[in-house]
Amino acid sequence: MKNEDLKGLISALLVPYNEDGTVNEAGLRQIIRHNIENMKIDGLYVGGSSGENFMLDTDTKKQIFDIAKDEVKDEVLLIAQVGGTNLYEAIELGQYATELGYNAISAVTPFYYKFSFEEVKQYYFDLVDKVDNRLIVYSIPALTGVEIGVSQFMELFENDKIIGVKFTAADFFLLERLRKAAPDHLIYSGFDEMLLPAVINNVDGAIGSTYNVNGLRSRKIIEQAKAGNIKEALAIQNETNDLIEAILDNGLYPTLKQLLKLQGCDKGSFLARKPMASATQAQIDRSKEIYESYLKDVKN
């Protein structure tokens, strides 16, 4: 298969913010190093939902791309999520990340307005026409409201620069049909809690937020499943889903940031970007319990 260099376990990079909404650069660099050295990830997906990207201005998005590339160099692969509702910003960001040396770009389907598929398709074609890089479609219909079927994915894949999809959906019939129809394109699992069934359906990798703190356990799911040890893989997925359920019940991004702090990322403020709320004291206390129960003793 083409694009072998883009396969693997990829963290959707979390970003810590200061009280005034600026990026906590020291903390961000810590998170990046933690992902590489402790979680043993294969790459970083920069500028996605986990980075609170859709609340950021263009310059801040560029700043985060800069910091990630400067810290990573060429240690792991880098994918820049550049999409949104503003095509011209997406082009600008795509060109910027490409000049920095990102291995690929990704773009969420344009949302909010009820775009037709032809409009969505043209958005992607316009983007790759202006950006000299490989592109991964970011399909997350639960948040965008944009559903894409197999025949529509295949229309997108007719463009040689559109090499795959970050498939963040629970429709495993669609996933199986897409995998059969597009064996030479990359498919990434986008739901961490559904990693095992996605691997069984022969995805090429996974991109998710909890890999920032649970990368070691997640890799074991992939390794056991690929070895045919489904019972063992399911047991690890059960443990992972206990963790994920606890995180979701306590608040996804505030809890993940607190867990990162408990894992040693402790430089500066780990606040959310307003209007998203930062962790309350009750969430901080519960995060400590989650860490003790699910992450403290996880080893490579």
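The values are calculated or read from the model by the stated rules, or taken from the named source; none is laboratory data. Fair warning: this is a prediction, and the values are worked out from it, not measured in the lab. FYI the Cβ positions are ideal-geometry reconstructions off the backbone, even for glycines, and counts take in every protein chain you see. These accessible areas exclude ligands, DNA and RNA; they are computed on the full protein's heavy atoms, side chains included. Shrake-Rupley method; radii C 1.70, N 1.55, O 1.52, S 1.80 Å.
Some notes on this structure:
- Unmet criterion (only one of (1) out of contact with any Ser or Thr (no Cβ under 8 Å at 6 or more places or on another chain); (2) of a type outside the set (Val, Ile, Thr); (3) open to solvent by less than 70 Å² (accessible area, probe 1.4 Å)) for Asn214: (1)
A quick yes/no check of all residues on (1) buried (at least 17 other Cβ atoms within 10 Å of the Cβ); (2) polar (S, T, N, Q); (3) in contact (Cβ under 8 Å) with a residue 40 or more places away in the chain; (4) not in a loop (DSSP other than H, G, I, E, B):
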| position | (1), (2), (3), (4) |
| --- | --- |
| Leu248 | no, no, no, yes |
| Lys261 | yes, no, no, yes |
| Gly264 | no, no, yes, no |
| Asp285 | no, no, no, yes |
| Ile290 | yes, no, yes, yes |
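Every residue, every condition in (1) assigned to a loop (DSSP other than H, G, I, E, B); (2) within 30 Å of Arg179 (Cβ to Cβ); (3) without any contact (Cβ under 8 Å) to a residue 40 or more places away in the chain, yes or no:
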| residue | (1), (2), (3) |
| --- | --- |
| Asp5 | no, yes, no |
| Asn35 | no, yes, no |
| Met39 | yes, yes, no |
| Asp66 | no, no, yes |
| Glu75 | yes, yes, yes |
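- Hits in the range 7-33 - residues which are part of a helix (DSSP H, G or I) and open to solvent by 10 Å² or more (accessible area, probe 1.4 Å): Glu25, Ala26, Arg29, Gln30, Arg33
- Restricted to the range 201-217, and to residues there that are part of a helix (DSSP H, G or I) and not charged (D, E, K, R), the residue that is farthest from the chain's Cα centre (by Cα) is Leu216.
- The residues of the range 77-94 that are part of a helix (DSSP H, G or I) and crowded, with 22+ Cβ neighbours inside 10 Å, listed by number, are Ala90, Leu93, Gly94.
- Taken across the range 164-180, residues that are under 30 Å from Ala282 (Cβ atoms) and part of a helix (DSSP H, G or I) do not occur at all.
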